[in-house]
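Working notes for the structure below.
Throughout, read-outs are computed from the coordinates displayed, never taken from laboratory work. Because the structure is predicted, anything quoted here is derived from the model rather than measured. Glycine also receives a Cβ, built like all others from the backbone with ideal geometry; neighbour counts cover every protein chain displayed.
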Amino acid sequence: MMLSDAEFTDIAQFIHREFGIHLSDHKKVLVAGRLGKRVRQLGLSSFSSYLRAVQQDDSGEELTELVNRITTNHSYFFREKAHFDFLEREVFPALAQDLRRRRNNPVRVWSAGCAAGEEVYTLAMLFREYFGPSLEDMDLGLLATDLSLQALAAARAGVYPANRLQEIPARYTGAYFRRLDADSFEVSDTIRKMVLFKKLNLMDQDFPFKGAFDIIFCRNVMIYFNEETRRRLVDNLYRYTRPGGYLFIGHSESLRRESCPFRYIRPAVYHKPLEVRA
Ligand SMILES: C[S@@+](CC[C@H](N)C(=O)[O-])C[C@H]1O[C@@H](n2cnc3c(N)ncnc32)[C@H](O)[C@@H]1O
């Protein structure tokens, strides 16, 4: 089925409006491939009739189907390892010192755009390894959100093919994974129970959180967004970062220094100082 330039533009504009995801012209083939199958499944004759069907579907189900097909949920354990090294070296020791002072204050961590859970499970393992038994005394909340229900279902299941565990240090695989069969592993219940998964569109004007986070990972998500959307998201992330907290973004992403409220610490790591502008 042919995807005309005009249809591609309409679909791209719609996706941008709804999700902030920017589809450049060279994504046309990808869109044709991924959505073409769905158009045929529904017995429709063109991409424009498909777009109308999405817009007229009040249940929002077809919109979800559409975004599941468009988003790329690629991720892996210990991705951009420098971030996890930085946490162990700089952030966790400070947190450990701070724990007594913040007795009634939960430690909150958010993986925003969590894909199939690799990032947040890496964080959960890291917390377990570093804090050991004292983790029981810490009120730690790990939240992981994504737009894609498919990605969230995979994340909740926590089952991965053996070859996806390659980046994980052996002691972690031994301690936190269970072999299911020759080809797959499952994240242990201990780790899985540490994480709450929720659907959330990062394009939303506001987020439904009461408190702020100590650590936010929003990596390799903003690559899809244009400048304005990215700036709005970063402002929102800043609001939901606790003073003294950190934002981690993907190493191929960067924030504009002039408009960025965070303080730059090192590549792809930003900080909200303790004394902050409101
Ligand atoms: C490439 S993955 C990155 C996963 C992980 N953060 C990492 O760095 O490995 C990008 C994820 O962002 C999600 N995503 C894209 N647009 C989003 C939006 N507007 N709101 C929430 N999640 C979004 C996608 O569904 C996908 O799972």
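Assorted remarks:
- For the chain, built as a Gaussian network whose Cα springs stay under 10 Å, the top-fluctuating residue of 112, 96, 155: 96
- With respect to the chain, whose longest principal axis is taken over its alpha-carbon atoms, helix 118-131 is tilted by about 0°.
- Excluding same-chain neighbours fewer than eight residues apart, the aspartates and glutamates reachable from residue 210 by a Cα-Cα span under 19 Å are 139, 146, 235.
- Calculation over all alpha carbon pairs of the chain in 5 angstrom steps from 0 returns a P(r) of 1, 5, 12, 15, 16, 15, 13, 10, 7, 4, 2, 1, 0 percent.
- The amide H of residue 158, built 1.01 Å from its N in the peptide plane, has no neighbour under 5 Å, considering only residues 5 or more places off or on other chains.
- Distance between modelled label sites at residue 209 and residue 102, nm, 7 Å Cα→Cβ extension: 1.2 nm
- Using only the C-alpha atoms, the convex hull of the stretch 159-268 corresponds to 152 Å³ per residue.
- Trypsin sites (Lys or Arg not before Pro) within the stretch 173-215, DSSP loop, no more than 16 other Cβ atoms inside 10 Å: 193, 210
- Degrees between helix 5-19 axis and first principal axis of the chain (Cα, 0 to 90, nearest 10): 30 degrees
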